[in-house]
Structure formats: C-alpha cells, structure tokens
Amino acid sequence: MITCKKGEKGGMYQITRAKQLTDQIYLFDLTAPRVANSCLPGQFVIVKMDEIGERIPLTICDYDRETGSITIVLQTVGASTMKMARLQVGDTFMDVTGPLGRPSEFTEMPIEELKKKKFLFVAGGVGSAPVYPQVKWLHEKGVGADVIIGARNKDLIILEDQMKEVAQNLYVTTDDGSYVRKGLVTDVIRDLVENQHRHYDYCVAIGPMIMMKFTALLTKELNIPTIVSLNPIMVDGTGMCGACRVTVGGEVKFACVDGPEFDGHLVNFDEAMKRQQMYKTYEGRAILKLQEGDTHHGGCGNCGGEV
Amino acid sequence: MDVLKKVPVREQAAKVRATNFEEVCYGYNREEAMEEASRCINCKNAKCVQGCPVGIDIPAFIHQVKEGDFEKASRIIGEASALPAVCGRVCPQESQCEGKCIRGIKGDPISIGKLERFVADWARAEGIRPEPPKEKNGKKVAVIGSGPAGLTCAGDLAKLGYDVTVFEALHKPGGVLVYGIPEFRLPKEEVVQAEIENVKALGVKIETNVVVGRSVTIDTLLEEEGYDAVFIGSGAGLPKFMGIPGENANGVFSANEYLTRSNLMKAFDDNYDTPIAVSRKVAVVGGGNVAMDAARTALRLGAEVHIVYRRSEAELPARVEEVHHAKEEGIIFDLLTNPKEILVDENGWVKGMICVRMELGEPDESGRRRPVEVAGSEFTLDLDTVIMSLGTSPNPLISSTTEGLETNRWKCIIADEDNGKTTKEGVYAGGDAVTGAATVILAMGAGKAGAKGIHEYLSNK
C-alpha cells in the first residue's frame with residue numbers, strides 16, 4: 001500500500017542524496033514509492049526535471065522498498081542532463097515515471113535453474129549502474145556472478161566497492177592502463193575464457209553501444225548467450241511514440257516495451273548507433289545555449305548553426 | 001438573414017496561421033451564437049441527439065442560447081458532457097449531430113459544434129464550475145488513463161458520489177488531447193487544462209506518472225489499494241510502420257512521436273528543452289486526422305509538406321474541415337501515391353522516398369475501392385523527413401499483466417459496448433483500448449457507458 005501520493009509535490013521525487021561519482025557521472029537517491037515498490041533489475045525510469053525539461057530515460061541503480069526510495073545514475077551528455085547534475089539534496093524532480101521496460105529475463109527464471117548457471121556481467125563506464133542491481137539481485141538469491149568493469153581511465157570507474165560486495169569475482173580494466181590493468185573488456189573476457197578456462201553460460205553486457213557491439217561479437221565467437229541493454233532515444237517510454245525502435249533479428253522492436261534488454265547476438269548495433277545521433281546537432285546547440293546563454297548562433301562547427 | 005445558411009465562423013487567415021501555433025478558429029461571439037441558435041427549429045423528436053455519442057440535449061441547450069441564457073445552456077450540456085469546449089472543437093459533427101440535423105436536408109445544418117464551443121468558452125470565461133455531489137457513497141473507483149474516455153468516466157462516477165482516482169502514465173493529464181491534438185486546433189492551457197480542472201472540481205483525483213501494468217497492476221489496485229472497480233481507458237497504443245526499407249533511418253518518425261514532441265513536450269516553443277527535427281521537406285504518409293495534424297505542425301515549423309496517401313481524396317479518413325484547412329495553409333496532397341522505399345544518405349539520414357502511383361480497383365472489405373499499383377510509375381520524392389501516420393496497434397502492457405482480462409484477435413480489450421464490462425469482474429473498459437483508434441467523442445461515449453456499467457455493478461454488490 002502506497003501512502004505517499006503525488007499531488008503533495010514536496011514529498012514526491014525529492015532528492016535525499018546527491019553525489020558526483022566522476023567528472024561526468026552523478027548519483028541521486030530520491031523518493032519515488034511506486035517505482036521503488038515494483039521495480040526489478042533491468043528496468044528504468046523516465047525523469048523530467050522541471051516544466052520545460054525533457055523526458056530522460058535513466059537506469060535504476062538501486063531501490064529500497066522499505067523507504068520508497070530509488071537510486072538513479074546519470075551521465076551528462078546534453079543540456080538537460082547537465083542541468084540535472086546541478087541538483088542538490090532537498091531539490092525535487094518534477095516527474096519520475098516507472099518502472100519502465102521489462103525486468104531482466106533471469107528474474108523470471110526458477111532460482112534452482114539460475115544456480116546452475118555461470119553468469120558473467122560486463123559493465124562499461126556508466127553501465128556499472130544498471131549492472132549493479134542485477135548482480136545484487138542474484139547475490140541476494142545466492143547466485144554468484146563474475147563481473148568485469150571497464151572504463152577509459154581510472155577516473156571513470158564507478159561503483160567498484162559496491163560491486164565488490166556482490167560479485168563473486170570482480171575484474172577491473174582501463175583502456176589506458178591507469179588502473180589495475182590495461183585493456184578493453186573484450187580482452188578480459190578472452191583472457192578469462194581462453195587462458196583461465198572459465199566457462200560462462202550467460203553474459204550480460206551493458207555500456208556504450210560500441211562496447212556492447214564488440215562484446216556481443218566476441219561472445220558469439222565464444223558461444224556465450226548474451227543479453228545487452230539498449231538506451232535509445234525515447235519520449236514517452238510506454239510504447240506510444242516509437243522513437244526507441246531498434247532492429248533485433250531483422251524485426252523492429254520498441255526498446256521501451258519490448259526491451260530494454262535484448263539478445264546481443266541479434267541486435268543491429270550499427271543502426272542503433274546511427275539513431276542515437278539523431279538529435280546531436282540540437283544537443284550541441286542546447287549545451288552552448290546553457291553555457292553561453294542564448295547568444296550562440298552557429299559558426300562553431302559543432303552545432304549545425306542557426307537553422 | 002437566410003435561415004438556410006449558417007452563420008459563418010471567423011478564422012485566422014490561412015497565410016498568417018501557417019506560421020504560428022495560435023488557434024485556427026475564433027469561434028462565435030454572443031451575437032453570432034444567438035443568431036445561429038435562432039435557426040434551430042427545436043424538433044420534438046430530435047435527430048441530432050441520437051447522433052451524439054454522449055446524448056447531449058441539443059435542442060434544449062440551443063434554445064437557451066437563443067434566449068441568451070448561456071449559463072443554463074452550459075448546465076444542460078454539463079449534464080451529459082465533461083468536455084464541451086474540447087468536443088465543440090474536435091468532434092466530427094458533420095457525421096454526428098449536424099449530420100442528422102433536419103435543417104441540413106435543405107440548406108446548412110445548425111452549427112451545433114460551434115454553439116457548444118461558444119457556450120463552453122463563455123462558461124469558462126465566467127468561471128462557472130461544476131459542483132461536487134453533496135454526498136459521497138464511500139466506494140472507490142480507479143480510472144486508467146486521463147484521455148477523453150477516462151475523464152468522462154471519472155466525471156460521471158464522481159457526480160454519482162464515487163471516490164474516483166485517475167491514473168495517468170504521462171506527466172500531464174489529458175491523454176490524446178494533450179499529446180496528440182495540436183495547440184492550433186485545441187489550446188492546451190486555456191481549453192484542455194480548464195476542462196480537466198472542471199473534472200477535478202467534481203472531486204476526481206488525478207495521479208500522474210503511473211504506468212499501470214508497470215508501476216502498479218490492476219490486481220494490486222483491486223486487492224491491495226482498496227478500489228471496488230476499475231475502468232481502463234488507456235488509449236490506442238503502439239504506432240504502426242509500413243515495413244519498407246529505410247524506415248529506421250534518422251528523420252523517419254511516427255506521427256505520435258512528432259506530435260508528442262510538439263504538443264506534450266512543447267518542442268515548437270524554443271523555451272522548452274525537447275528538440276524536434278527542423279525539416280526542409282516532409283512527407284506525411286497517411287490520410288487521417290492525425291496525418292493532417294502532423295502535416296500542419298511540420299508546416300508551422302517551416303517545412304514544405306506533402307501528404308502521401310494511397311487512395312483518392314474521397315477516401316481520406318480525415319474530417320473534411322481538417323483537409324480543407326490543410327489545403328488552405330499550403331499542404332500539398334500527393335494522392336493515389338504509395339511509398340515503396342525510403343532512401344538513406346551515407347550518415348543514416350533520410351534523403352528521399354521512392355513512391356508509386358496507384359489507381360482504384362474493386363471495392364475491398366472496407367467497402368472502399370482497393371488501391372492498386374500502376375506498373376512502372378515509380379518516382380522519387382526528394383525529402384529530409386518522413387512522418388508515418390498509419391494508425392496504431394494495441395499496447396499489451398495492461399492486458400498482459402492483468403489475470404483474466406481477455407483480448408480479441410486484434411489484441412484489443414474485449415468489452416461490452418453498452419456498459420464497458422470486460423471478461424474480468426469489476427473491470428470495465430472503453431475507448432481506443434477497446435475499439436482501436438477512433439475519435440475523442442466515441443471514447444467519451446464509451447467512458448459514459450463504462451460509468452453506467454460500474455454504477456450498476458457497484459449498486460448491486
């Protein structure tokens with residue numbers, strides 16, 4: 001039974017913790033009882049900061065059914081996320097909707113079956129945020145999982161300590177070698193499977209599209225069934241607009257209702273990456289507007305200029 | 001005055017309105033309304049009322065307009081309809097009340113829609129609000145979706161004394177009235193929000209950001225949150241695409257996405273953060289009201305706009321008034337034309353569309369003549385944006401998460417037309433979730449039927 005209803009605006013969607021994790025990644029705890037009460041790993045929320053704000057899909061990184069609170073993590077990529085990053089404890093989001101999308105497939109499998117499987121999670125950059133609740137959920141059910149966290153450099157690694165607590169084995173890697181080891185997540189997977197002869201039945205890879213693409217290519221070669229989580233452009237998040245359509249196994253799917261998790265061996269990543277660029281020039285312009293005020297009128301080569 | 005001719009309604013000039021989002025039609029003023037009302041012959045067995053899905057006592061309210069008692073007129077409309085300012089603007093009156101008007105046999109029918117709009121606008125300006133019922137009956141009803149079906153059902157039940165909460169998935173109530181129909185046809189703050197406030201004045205609560213099927217299920221509402229009955233008015237669902245090559249290119253949108261960005265997210269207004277494609281040349285594929293709305297929105301955002309429709313003008317499903325307005329504003333109609341392929345540039349963006357000319361053959365199952373391709377008539381439209389407006393298919397979110405709620409072979413929820421009863425006890429449904437995409441007023445009719453069904457059910461329980 002939910003006691004905190006919307007309408008009492010102050011109480012809803014209030015930020016109870018705000019933390020900058022890296023240069024571009026921010027974590028917030030906020031009150032959203034209906035979401036906290038029903039969400040499962042794999043699902044996401046859409047948040048809207050204020051009246052003029054965009055609807056932004058964000059990962060649910062953690063949730064507490066007792067307190068009615070959820071943890072979200074965002075990476076600043078456009079003007080809207082940059083504005084959100086400035087929010088502090090006590091501030092509120094105007095709107096938080098969810099949980100959206102389907103829960104991870106394994107949450108619907110019998111626990112006994114899960115216990116027989118060897119799981120490998122691969123988290124790239126901010127992808128640690130959606131991976132964490134999945135590993136935690138399995139850990140709480142007594143199912144162990146190995147986790148690889150990869151990032152461009154040491155400063156971009158998030159949730160390492162939290163992950164350590166719930167992962168069976170945690171492997172950290174950086175592209176530039178500034179932390180633990182130098183290499184891509186795919187190098188670690190190959191090392192684990194080919195050199196250390198680890199066997200995995202099930203892989204979940206979440207991170208930048210390019211990382212998921214190459215992880216899926218490798219796991220296909222290694223014959224490990226692989227789930228990826230897509231984060232395409234969305235508006236409503238309930239199936240109504242079709243902005244988030246992706247091609248999976250030759251069929252058009254809507255990430256918000258059919259996903260966001262799909263069979264990584266069937267996703268058309270190249271198309272998905274192109275579709276993510278759709279509003280790039282608008283975003284560029286919006287960022288400049290945020291930084292310079294409404295005085296930027298093109299000529300920078302990034303924003304597409306005045307249209 | 002020529003009683004055979006209706007009093008013309010003032011509109012914003014086509015050239016001017018093609019560049020702004022202000023309302024197209026200005027509506028009647030007091031004198032015009034009273035003059036138009038005086039044409040009504042006040043039929044005893046009024047056909048117009050039979051043509052109204054919510055059964056407004058049309059001759060009675062028009063009589064009050066003629067007498068100049070607009071408040072009484074608004075009370076008469078209010079007995080049957082919760083959204084008169086909306087309906088006066090977007091109902092297809094020509095095929096409903098006005099289509100049945102006796103005056104229409106020889107001359108113009110009474111402009112019932114414009115009169116309804118006048119009365120509703122007058123009442124709003126005067127601050128006339130419906131009053132909540134004196135007594136509550138202590139029973140709780142959940143309404144899913146705050147579009148025309150849900151608001152109507154909620155309003156009717158509130159008047160009967162029920163404690164009604166509406167759950168809306170989006171951040172703003174109104175459903176298609178807010179995300180779908182553009183500002184220039186239906187002003188959002190002034191008209192839609194005001195009518196929603198009127199429904200709230202009856203005691204209806206609205207909880208936004210609740211996606212039923214995800215945030216909470218119907219079974220939870222009934223079993224844990226203490227609701228005695230549920231009405232599902234969750235709307236049409238997922239946009240359809242054609243399945244032609246190039247459809248996932250950048251610059252191809254569903255009409256739902258394009259309109260949601262502009263209407264709900266206010267992307268047409270630079271002060272809002274949500275972006276919308278700035279297009280040079282747009283093809284809108286489809287011929288319904290939604291296609292007209294998308295086309296006229298794109299035009300106002302500065303593009304050259306083509307409607308691409310595979311049948312001829314006579315078969316356009318859109319209202320005649322909408323087609324007329326679109327043409328006046330400069331929308332180009334490429335009729336008897338069907339897309340074959342969307343051409344994509346090296347960066348993944350739309351650069352054109354291969355179309356084929358069509359001709360009409362034998363009638364198909366819909367009774368309309370089936371369009372067939374003219375061999376060898378392919379040609380290319382040079383474009384940067386394509387908007388697909390081909391209708392919707394039902395959203396499975398609620399039906400797949402509600403035990404015992406059955407759907408038909410089109411995946412629409414099965415519900416009785418007369419009372420909205422579904423296959424699950426205590427659960428009623430109506431509107432596009434049941435019928436597939438239809439009109440605002442038909443959804444309101446279904447909301448009314450659902451309220452009646454729920455009242456019967458809970459009165460006997």
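The values are calculated or read from the model by the stated rules, or taken from the named source; none is laboratory data. Computed from a predicted structure; not experimentally measured. All Cβ positions, even for glycine, are placed from backbone atoms using ideal geometry, and neighbour counts span all protein chains on display.
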Within segment B:278-302, can you find the residues that are within 14 Å of chain A (Cβ to nearest Cβ), surrounded by fewer than 22 Cβ atoms within 10 Å (Cβ to Cβ) and either of a type in the set (A, V, I, L, M) or in contact with a Pro (Cβ under 6 Å, 6 or more places away or on another chain) (or both)? B:Val278, B:Leu301
Evaluate the following for B:Ser234: is it within 8 Å of chain A (Cβ to nearest Cβ), surrounded by 24 or more Cβ atoms within 10 Å (Cβ to Cβ) and of a type in the set (Ser, Thr, Tyr)? no
Please find, among B:Phe253, B:Phe241, the residue that is within 9 Å of chain A (Cβ to nearest Cβ), more than 26 Å from A:Asn37 (Cβ to Cβ) and in a strand (DSSP E or B). B:Phe253
If we keep only residues of segment A:51-78 that are small (Gly, Ala, Ser) and under 23 Å from A:Ala255 (Cβ atoms), then the residue farthest from the chain's Cα centre (by Cα) is A:Gly53
Condition check: surrounded by 20 or more Cβ atoms within 10 Å (Cβ to Cβ), at pLDDT 90 or above and over 21 Å from B:Gly180 (Cβ atoms). Does B:Val427 satisfy that? yes
Only one residue in B:Asn248, B:Asn209 is at the interface with chain A (Cβ under 7 Å from one of its Cβ atoms), in a loop (DSSP other than H, G, I, E, B) and free of Cβ contacts under 8 Å to residues at least 24 places away in the same chain, so which one is that? B:Asn248
Pick from A:Ile148, A:Ile111: which is surrounded by fewer than 20 Cβ atoms within 10 Å (Cβ to Cβ) and either within 20 Å of A:Gly264 (Cα to Cα) or in contact with a Gly (Cβ under 8 Å, 6 or more places away or on another chain) (or both)? A:Ile111
Quickly run through segment B:308-350 and pick out the residues that are touching a Leu at 6+ places or on another chain (Cβ under 8 Å) and in a strand (DSSP E or B). B:Val308, B:Asp334, B:Val350
Taking B:Leu458, is it farther than 30 Å from B:Gly243 by Cβ and either crowded, with 17+ Cβ neighbours inside 10 Å or of a type in the set (Gly, Ala, Ser) (or both)? yes
Would you pick out the residues in segment B:402-413 that are assigned to a strand (DSSP E or B) and crowded, with 20+ Cβ neighbours inside 10 Å? B:Ile413
Condition (residue is more than 22 Å from A:Cys244 (Cα to Cα), of a type outside the set (A, V, I, L, M, F, W, C), at pLDDT below 95 and over 23 Å from the mean Cα position of the chain (by Cα)) applied to segment B:245-253: is it met by at least one residue? no
Qualifying positions in segment B:217-262 - out of contact with any helix residue (DSSP H, G or I) (no Cβ under 6 Å at 6 or more places or on another chain) and β-branched (Val, Ile, Thr): B:Ile218, B:Thr220, B:Ile244, B:Val252
Could you tell me whether segment B:182-190 includes any residue that is buried (at least 24 other Cβ atoms within 10 Å of the Cβ) and either hydrophobic (A, V, I, L, M, F, W, C) or touching a Gly at 6+ places or on another chain (Cβ under 6 Å) (or both)? no
Every residue from segment B:1-53 that is small (Gly, Ala, Ser) and surrounded by 12 or more Cβ atoms within 10 Å (Cβ to Cβ): B:Ala14, B:Ala18, B:Gly27, B:Ala33, B:Ala37, B:Ser38, B:Ala46, B:Gly51
(1) modelled with pLDDT of 95 or more; (2) surrounded by 14 or more Cβ atoms within 10 Å (Cβ to Cβ): which one isn't true of A:Asp155, the others all being true? (1)
Name the residue that is nearest to B:Ser400 (Cα to Cα), counting only residues in segment A:72-106 that are among the hydroxyl-bearing types (Ser, Thr, Tyr) and surrounded by fewer than 23 Cβ atoms within 10 Å (Cβ to Cβ). A:Ser104
Can you find even one residue in segment B:414-422 that is away from chain A (no Cβ under 14 Å), of a type outside the set (Val, Ile, Thr), in contact with a Phe, Trp or Tyr (Cβ under 6 Å, 6 or more places away or on another chain) and in a loop (DSSP other than H, G, I, E, B)? yes
Out of everything in segment B:256-289 that is part of a strand (DSSP E or B) and not small (Gly, Ala, Ser), what residue ends up being nearest to B:Arg368 (Cα to Cα)? B:Val285
Based on what the data block shows, is A:Leu192 within 29 Å of B:Val344 (Cβ to Cβ), away from chain B (no Cβ under 12 Å) and either of a type in the set (A, V, I, L, M, F, W, C) or buried (at least 23 other Cβ atoms within 10 Å of the Cβ) (or both)? no
The residue that is nearest to A:Cys61 (Cα to Cα), considering only those in segment A:210-248 that are surrounded by 20 or more Cβ atoms within 10 Å (Cβ to Cβ), within 14 Å of chain B (Cβ to nearest Cβ) and touching a residue at least 40 places away in the same chain (Cβ under 8 Å), is A:Leu230
Among all residue pairs at least 6 apart or on different chains, which show Cβ distances below 7 Å where the first residue, located in segment B:49-60, is outside any loop (DSSP other than H, G, I, E, B) and the second is crowded, with 19+ Cβ neighbours inside 10 Å and of a type in the set (D, E, K, R)? B:Gln50/B:Lys100
Residue list for segment B:331-357, restricted to those being among the aliphatic types (A, V, I, L, M), more than 14 Å from B:Met388 (Cα to Cα) and either away from chain A (no Cβ under 14 Å) or in contact with a helix residue (DSSP H, G or I) (Cβ under 7 Å, 6 or more places away or on another chain) (or both): B:Ile331, B:Ile332, B:Leu335, B:Leu336, B:Leu343, B:Ile354, B:Val356
Can you pull out the residues in segment B:220-231 that are more than 7 Å from chain A (Cβ to nearest Cβ) and more than 21 Å from the chain's Cα centre (by Cα)? B:Thr220, B:Leu221, B:Leu222, B:Glu223, B:Gly226, B:Tyr227, B:Asp228, B:Ala229, B:Val230
Could you check how many residues of segment B:256-274 are within 8 Å of another protein chain (Cβ to nearest Cβ) and surrounded by fewer than 21 Cβ atoms within 10 Å (Cβ to Cβ)? 3
The conditions are (1) closer than 14 Å to B:Val427 by Cα; (2) touching a Gly at 6+ places or on another chain (Cβ under 8 Å); (3) facing chain A (nearest Cβ under 10 Å), and B:Thr217 fails exactly one of them. Which is it? (2)
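Kindly evaluate A:Cys4 against the criterion of being within 26 Å of B:Tyr227 (Cβ to Cβ) and at pLDDT 95 or above. Before the answer, list the steps.
Numbers: within 26 Å of B:Tyr227 (Cβ to Cβ): yes; at pLDDT 95 or above: no.
For A:Cys4, the condition - within 26 Å of B:Tyr227 (Cβ to Cβ) and at pLDDT 95 or above - is not met.
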